[in-house]
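Here is the structure we will look at, set down as structure tokens.
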Amino acid sequence: FFFSFHCSSFLSLKAKTNKLTALSGITTLKERKMKLSTILILTFSGRLADSLSFDHHHSPINNAKKKTADLSQHQEPIVANRQGSSSHRRAFVAACTSSLALLHSSNAAHAVRAVGGSEIECRAAGNCLEKGELDGALGWSWGAKDRCDTTDPTCGASGKQMELDENGQLVGKPVPATSADQITHIALIRIDIGRDESSVLRLGLYGNDAPASVAQFIDFMSDTGLLTKPLSSDSIGALTSPVAFVRGGVATWIDPGTSIEFGVPSQANAEARSKGRAKLLDSFVPQPRPKSSLLENDDSVNKKSHDAAGLLSISKMGLGYGGTGFETDDECYERAFLITDAPTPKLNQNRRVIGQVLDAQSMAFLERLSNLPSKRGIRGVIPGQTDGPPLPKVIVRDVTVAVVVNKPGDSA
């Protein structure tokens, strides 16, 4: 009690308040904290020294010797002391409030950008790790004032403004070149980013170059869905349903400036939402991966490389094999297909190009999608680890697939 009482009253003196007010002239946050700490220590020391000098009339020892003294003589001083304590506590609250406001004042010195010239130079040269510039190697940008607003659709994953045209619209990469007879089907995918942003990806499918892969992809895009396990083979009482991208499809993984992957993270959750339920019974049986042998013939026909942005790609083994391979049947379609946002030759070994983005507007929307901020977690501190699930929700709203009757270039 003794300690708390004197701690609660040491900022009540006007002289100390004036000293705190004088801090407004200090320009840096560090100087303010040091000055304030000094004042608090000196003030507390002074009040502690004062408290050691007990009043003779209120000393517990003196009162013990004068048991016959009239207690009424001490009533007024006690009341006055209580009133003083109350005023001290009010002064303490006011002083602490002003002190916090001083530390977090909007007039305080702004954070200075910690990335210096050496970091900027090594980033431009690409040798930060070799030079030991850790900030530059990790890509940390300490100055918030140097980053664009992440809620702005034109703000890239790196915190830099993306390229805009003269009308202020986002500029995508060039549309991939294609021959007149290459596109056999067109898929329109409407995608929502958060609650306020929506656009369409227009994709063309290479039905002649990869017929089995395209047929499987079209089933996945259709309302009926992809069925890899006959319904009649389920046990009695089991519930199953084809997996369909239009039911539960989302953007599941982003590699900024390189690619974006799409799929159905959980067949059970997607089926539950389509039926207006929170959860399905444990008897639900998800669709397993299709047999990889179904697409073997496409390798002899399709020689398309991942050499441009805007290419639609799936695993050579088919849908359901795009992840690590250790996913359960319920989650195996989480990373069903991807669309490149840059030339990515390393994908040629395990993946197959089965289509492409068809127009400039879709390419601009792809640029927006592939530059969304991602959930990196602890991986974000590792150099080069910038990929992860998208931070905002990216949900597939609608899918339409149509057969091309008049090929591009036809006169009709």
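Okay, here's what the table says:
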quantity: The stretch 243-317 shape via C-alpha gyration tensor axes, a/c threshold 1.5; calculated: oblate
quantity: Rg over Rh [alpha-carbon atoms, Kirkwood Rh] for the stretch 210-353; calculated: 0.99
quantity: Mean Cβ neighbour count within 10 Å, used as a protection proxy, ranking 239-249, 161-171 highest first; calculated: 239-249, 161-171
quantity: Per residue, in Å², the accessible surface of the stretch 208-354 once ligands and nucleic acids are set aside, probe 1.4 Å; calculated: 45 Å²
quantity: Solvent-accessible area, 1.4 Å probe, carbon plus sulfur percent, for the stretch 275-400; calculated: 53 percent
quantity: Most to least packed among 259-265, 360-366 [average Cβ atoms within 10 Å]; calculated: 259-265, 360-366
quantity: Summed residue charge, Cβ within 13 Å of Thr328's Cβ, Lys/Arg positive, Asp/Glu negative; calculated: -4
quantity: Under 5 Å, built H, 5+ apart or other chain: amide partners of Gly249; calculated: Val396
quantity: Ser274 accessible area, assembled protein chains, probe 1.4 Å, Å²; calculated: 60 Å²
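The values are calculated or read from the model by the stated rules, or taken from the named source; none is laboratory data. The structure presented is a predicted model; accordingly, all values stated were derived computationally and were not measured. Because the Cβ atoms are built from the backbone with ideal geometry, glycine has one as well, and the counts that use them run over all protein chains shown. With ligands, DNA and RNA removed, areas are computed over all heavy atoms of the protein, side chains included. Shrake-Rupley method; radii C 1.70, N 1.55, O 1.52, S 1.80 Å.
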